[in-house]
Amino acid sequence: MDRFETFSLALFNISRYWNRIAADEMEKYGLKGAHAFYLVTILRHDGEITASQLCELCGKDKADVSRGISKMENCGLLERTGANPYRAKLKLTESGKAAAQAVRQTAATIVDRVGGDLTPENRAVFYETLGSITSNLEKLCKELD
């Protein structure tokens with residue numbers, strides 16, 4: 001298999017498996033797998049992040065983030081402070097904080113488990129390489145625009 005096929009297949013499979021794990025984790029909260037990243041991101045910036053900023057940090061469009069925020073509000077995990085929905089600050093409720101911390105802990109456990117055979121040096125190289133590839137792909141896409 002050439003590098004393109006190996007690279008593409010690995011990324012596809014990582015995404016597929018991770019999305020399956022996230023969906024299983026979020027099901028207990030009545031949410032979809034994509035909401036896991038929203039919860040953890042909001043937890044990190046609790047009370048200091050808007051929907052627009054969440055879009056940027058998560059790399060998602062406004063419609064998807066808006067649906068996710070509404071769903072989390074309906075589930076009692078999130079509230080907005082402010083009148084304008086896109087400028088309002090997002091704040092997790094106590095239930096939301098507990099859910100986000102549980103998701104964060106589950107994710108950390110899974111990352112440790114699946115990367116358990118990596119040495120600290122290999123892990124550092126892996127994340128550095130992954131960051132470099134991501135940055136280079138972003139630059140390439142900007143050039144194509």
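The values are calculated or read from the model by the stated rules, or taken from the named source; none is laboratory data. None of the values given here were measured: they were computed from a predicted structure. Because the Cβ atoms are built from the backbone with ideal geometry, glycine has one as well, and the counts that use them run over all protein chains shown. Each accessible area value is taken on the protein alone, full model and side chains, heavy atoms only, with ligands, DNA and RNA left out. Shrake-Rupley method; radii C 1.70, N 1.55, O 1.52, S 1.80 Å.
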Q) Are any residues in region 107-145 among the aliphatic types (A, V, I, L, M), part of a helix (DSSP H, G or I) and either touching a Pro at 6+ places or on another chain (Cβ under 7 Å) or open to solvent by less than 90 Å² (accessible area, probe 1.4 Å) (or both), and if so, which ones? A) Ala107, Ala108, Ile110, Val111, Ala124, Val125, Leu130, Ile133, Leu137, Leu140
Q.
I need the full set of residues from region 1-25 which are over 20 Å from the mean Cα position of the chain (by Cα) and among the basic types (Lys, Arg), in order please.
A. Arg3
Q: Please work out which one of (1) in contact with a His (Cβ under 6 Å, 6 or more places away or on another chain); (2) surrounded by fewer than 17 Cβ atoms within 10 Å (Cβ to Cβ) is the condition Gly68 fails and give its number.
A: (2)
Q: Give the number of residues within region 86-108 that are touching a Lys or Arg at 6+ places or on another chain (Cβ under 8 Å) and either free of Cβ contacts under 8 Å to residues at least 40 places away in the same chain or β-branched (Val, Ile, Thr) (or both).
A: 2
**Q.** Residue identified as over 18 Å from Ala102 (Cα atoms) and at pLDDT below 95 among Asp2, Asp24, Asp46
**A.** Asp2
Q: Name every residue in region 5-21 that is among the hydrophobic types (A, V, I, L, M, F, W, C) and either within 23 Å of Ala99 (Cβ to Cβ) or loosely packed, with under 10 Cβ neighbours inside 10 Å (or both), in order of residue number.
A: Trp18, Ile21
